[in-house]
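In what follows, a single structure is set out as structure tokens and then discussed.
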Amino acid sequence: MASMTRRKFLAATGATAGAMATQGFLPAMLRAQGEPLRIGCPLPLTGPFAALAADMQRGAQLAQDELNAKGGVMGRKVEVLFRDDELKPAVGAQRTKELIENQKCQFIVGGLAAHVQMAINEQTKKAKVLFISTSQSDEISAKPDTSPITFHEALNPTITSRVMGTWIAQNLGKKWWIIYADYAWGKQNNAVLQDTLAKQGGTLLGATPYPLGSAEFSAHLPKIQAAKPDVIVSVTPGADNIAYLKQARSFGLDKTMKLAQPLLWISYLKEGGPELYADIYGGINWYWELQDTIPSAKKFVEASMKKFNIPPGDYGAYSYSGVLEVARGVELAKSTDSDAVANALRKNPVYDHFKGKEWWRACDNKSMQDMWIVKGRGPGKTKGDWGLLDIVAKVAADEKYDRTCAEKGHA
Amino acid sequence: MDISLAAVLPQLFTGLVLGMLFVLLAIGLSLIFGLMTVVNFSHGALYMLGAYFTVFFLGYTRSFWVALLMAPLMVGAFGLLVERFLIRRLYGRSPDDPLLLTFGLSLVLIETAKIIWGKIGLTLDPPRALGGAVDLGFMSFPAYRLFVIAVTVAVLIGLWAFLTRTNVGLIIRAGSRDPLMVRALGIDLNRVWLLVFGIGCALAGLAGALAGPMRGAYAEMGVTMVIESFVVIVVGGMGSLLGAVLAGILMGQVVGITTYFAPKLAEIMVFVVMAVVLLVRPSGIFGEAGLAE
């Protein structure tokens, strides 16, 4: 009896194992047709960039829904997988590897912090997976870090700070103090801002680095107060921005000098409130009220209002566009091969998903796009919960704002 | 670099407020360690809870003053539960056990805060009356930060009076010297430990409540603060309350002054000072040799 049971047991398990093996092996090819197209999206969902990352997650979800409503890409459903990179390069690299190897993601769209995004890029290059970065960085589209399958959807510090720096010097004053987060994005902006100020014939009274993710700025402020600059230009991303502005205002700096920054983010304007951001000047890649004049913006805003009941933000727009670009590339190439998709995008560089015409520059896969100069509306002047910005000027896309192909090491 | 008094004085004054938060956190840590030899690693998470409770009570009662009173009391009450149901079970065991327990607790609290209040931090404003800046002659300084100094000083005076002028204070001080002797006199030290742990936690909650309007509330806000507070009590001498106060102020000044001359070094300088102090006085400025070994 006992031996019979064992034999039966062995037979049963053997059969099951065999069935599992063939199932795993044989129908893999048959299944490919119905397999969803997976796009991995690493984002700093926790930490000081969480609000922006949540906006980006919504943007990518909207793109996924839009594609699936049209019947997917080449008949395949699109699935965007999100992972928390915790704002740490090592974690970003690990999550990306996991998305590619375990989850079989064929493309990566995402990244928010400049230094984490570089770590993601290392992994995508190694795995030969196309990466559309949605983080601001100068290095990502320059040699030696970039690659033929690395695309850059976001603005970068050179473009942002050249545009904003010039405008600040010409409109707000030429004696500056710069305060910047001491990591890739902050340092790159600081360098470009200083360079731009010098070209405008201005004077730099000081430049102060602070650790990214800091909530305490007070020790920096007395020195700036005493130096009496015309403008403090702050490169304080994420939640740091709110802490910085609160403390700068509580020390009364806003009474004697102008506050300006290369970038403003609607997510943090909403969180900090109109009083905090009143008359703060900054650059932005997109703002939802542009829907009044741009048809693709209108479509994007409506989709977001329908699903989330809030308008999309500036960084959500990047990830929305990034996912749609992957889909456009796959359909153009009729293939999910990263090289083929990259070539197809370079051959058909012009696209418009949310802000009017954008295009990929052939030498460095950098998206060229319009940007806007905006300022906080202030209490009493806002429109609804999210109408927090006045548009001061539009700066039309132009390759002259970025470094040239040669300056970026592309022959 | 301008090193005149007019330039450095604002820096010293700003550093003083940073120091106040260190003092409140460190004194709670030191009180708990001095009496119970428990290294409370959840102190940073309790600081965070203090800030979130302030946001909660502010939303509920619309009064900052009520929130500022309620938040530390709630954190203190939470501390009582932690001592009674978790830490009490570990007395008499290796000091590592409560350390690991409180470290684990801090992780649980941080994740719970993210679930309840979200991964995105919250902002809160100081009350209207303290919203503006005050002209001190040598600089304009936020009224709210002056208020933080005042509250801390008041709490320190109250605590000092409690420890030196009351019977309970006498027992606490005696208990930290010689628990066995105090027991022999028929005093129930369990109740004293419960009380002291609660007070220590409430002080962390108060620090968080005061920090909220300056820095906002977010789940990880206590992670670096607890490390810096440990540095403060190590420098001041483990278990020494006077040491915690002086070292807290000292560390605020170190950050303030270093930021003025070399902002990149501000974070590391705190640890450099600790290393130097430990080289000269291995048990801290006011530490008793052998207590924390």
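The values are calculated or read from the model by the stated rules, or taken from the named source; none is laboratory data. None of the values given here were measured: they were computed from a predicted structure. All Cβ positions, even for glycine, are placed from backbone atoms using ideal geometry, and neighbour counts span all protein chains on display.
Tell me, yes or no, whether the stretch A:158-177 has at least one residue that is within 14 Å of chain B (Cβ to nearest Cβ) and buried (at least 23 other Cβ atoms within 10 Å of the Cβ).
We begin by selecting, within the stretch A:158-177, every residue within 14 Å of chain B (Cβ to nearest Cβ); these are A:177.
Then keep just the ones that are buried (at least 23 other Cβ atoms within 10 Å of the Cβ); that gives A:177.
Within the stretch A:158-177, one or more residues are within 14 Å of chain B (Cβ to nearest Cβ) and buried (at least 23 other Cβ atoms within 10 Å of the Cβ).
This table checks each residue for (1) within 14 Å of chain B (Cβ to nearest Cβ); (2) under 20 Å from the mean Cα position of the chain (by Cα).
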{"site": "A:L259", "(1), (2)": "no, no"}
{"site": "A:E271", "(1), (2)": "yes, yes"}
{"site": "A:E275", "(1), (2)": "yes, no"}
{"site": "A:I280", "(1), (2)": "no, no"}
{"site": "A:G283", "(1), (2)": "no, yes"}
{"site": "A:T293", "(1), (2)": "no, no"}
{"site": "A:F300", "(1), (2)": "no, yes"}
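Across the stretch B:222-242, which residue is nearest to the other protein chains (Cβ to nearest Cβ) among those that are outside any loop (DSSP other than H, G, I, E, B) and more than 13 Å from the chain's Cα centre (by Cα)?
In the first step, residues of the stretch B:222-242 are kept if they are outside any loop (DSSP other than H, G, I, E, B); the result is B:222-236, B:241-242.
Among the residues that remain, those that are also more than 13 Å from the chain's Cα centre (by Cα) are: B:234-236, B:242.
Working: B:V234: 21, B:V235: 19, B:G236: 21, B:L242: 25 Å.
Ranking the qualifying residues of the stretch B:222-242, first place goes to B:V235.
State whether one or more residues within the stretch B:21-28 are in contact with a Phe, Trp or Tyr (Cβ under 7 Å, 6 or more places away or on another chain) and either touching a residue at least 60 places away in the same chain (Cβ under 8 Å) or more than 9 Å from chain A (Cβ to nearest Cβ) (or both). Walk me through it before giving the result.
Filtering the stretch B:21-28 for residues in contact with a Phe, Trp or Tyr (Cβ under 7 Å, 6 or more places away or on another chain) gives B:25.
Then keep just the ones that are either touching a residue at least 60 places away in the same chain (Cβ under 8 Å) or more than 9 Å from chain A (Cβ to nearest Cβ) (or both); that gives B:25.
So far as the stretch B:21-28 goes, yes, one or more of its residues are in contact with a Phe, Trp or Tyr (Cβ under 7 Å, 6 or more places away or on another chain) and either touching a residue at least 60 places away in the same chain (Cβ under 8 Å) or more than 9 Å from chain A (Cβ to nearest Cβ) (or both).
Tell me, which helices (runs of 4 or more DSSP H) lie completely within the stretch B:80-177 with 2 or more residues that are under 29 Å from A:P274 (Cβ atoms) and modelled with pLDDT of 90 or more? Walk me through how you get there before you give the answer.
Working: elements: B:96-117, B:143-165, B:167-177.
So the answer is B:96-117, B:143-165.
Hey, could you check the stretch A:243-269 for residues that are in a loop (DSSP other than H, G, I, E, B) and closer than 20 Å to A:H220 by Cβ and say which is modelled with the highest pLDDT?
Going residue by residue through the stretch A:243-269, those that are in a loop (DSSP other than H, G, I, E, B) are A:251-252, A:257, A:264-265.
Next, only the ones that are closer than 20 Å to A:H220 by Cβ stay: A:251-252, A:257.
Details: A:F251: 91, A:G252: 91, A:M257: 95.
The selected residue is A:M257.
Got a sec? Which of B:F103, B:F56, B:F33, B:F41 is out of contact with any His (no Cβ under 8 Å at 6 or more places or on another chain), more than 21 Å from B:F230 (Cα to Cα) and more than 14 Å from every other protein chain (Cβ to nearest Cβ)? Full working, then the answer.
Values: B:F103 fails: more than 21 Å from B:F230 (Cα to Cα); B:F33 fails: more than 21 Å from B:F230 (Cα to Cα); B:F41 fails: more than 21 Å from B:F230 (Cα to Cα).
Just a single option satisfies the conditions, and that option is B:F56.
Against the definition (acidic (D, E) and within 15 Å of A:E153 (Cα to Cα)), how does A:E325 come out, yes or no? First the steps, then the outcome.
On the way: acidic (D, E): yes; within 15 Å of A:E153 (Cα to Cα): yes.
Yes.
Checking A:W185 against (1) closer than 27 Å to A:T46 by Cα; (2) at the interface with chain B (Cβ under 10 Å from one of its Cβ atoms); (3) not β-branched (V, I, T), which test does it fail?
A:W185 satisfies every listed condition except (2).
Would you mind telling me which numbered condition in (1) closer than 22 Å to A:K128 by Cα; (2) in contact (Cβ under 8 Å) with a residue 60 or more places away in the chain A:K258 fails?
(1)
Which numbered condition trips up A:V301, out of (1) part of a helix (DSSP H, G or I); (2) under 23 Å from A:L130 (Cβ atoms); (3) among the β-branched types (V, I, T)?
(2)
Just one of B:A45, B:A51, B:A71, B:A77 is touching a Leu at 6+ places or on another chain (Cβ under 7 Å) and not in a loop (DSSP other than H, G, I, E, B); which is it? Working first, answer last.
Working: B:A51 fails: touching a Leu at 6+ places or on another chain (Cβ under 7 Å); B:A71 fails: touching a Leu at 6+ places or on another chain (Cβ under 7 Å); B:A77 fails: touching a Leu at 6+ places or on another chain (Cβ under 7 Å).
From the options B:A45, B:A51, B:A71, B:A77, the qualifying one is B:A45.
Only one of these conditions is not met by A:N365: (1) under 30 Å from A:L269 (Cα atoms); (2) touching a helix residue (DSSP H, G or I) at 6+ places or on another chain (Cβ under 9 Å); (3) surrounded by 17 or more Cβ atoms within 10 Å (Cβ to Cβ). Which number is it?
Only one criterion in (1) under 30 Å from A:L269 (Cα atoms); (2) touching a helix residue (DSSP H, G or I) at 6+ places or on another chain (Cβ under 9 Å); (3) surrounded by 17 or more Cβ atoms within 10 Å (Cβ to Cβ) is unmet by A:N365, namely (1).
If I ask for residues that are at pLDDT below 95 and of a type in the set (K, R), which ones from the stretch A:270-316 would you list?
Within the stretch A:270-316, just A:K270 meets the criteria.
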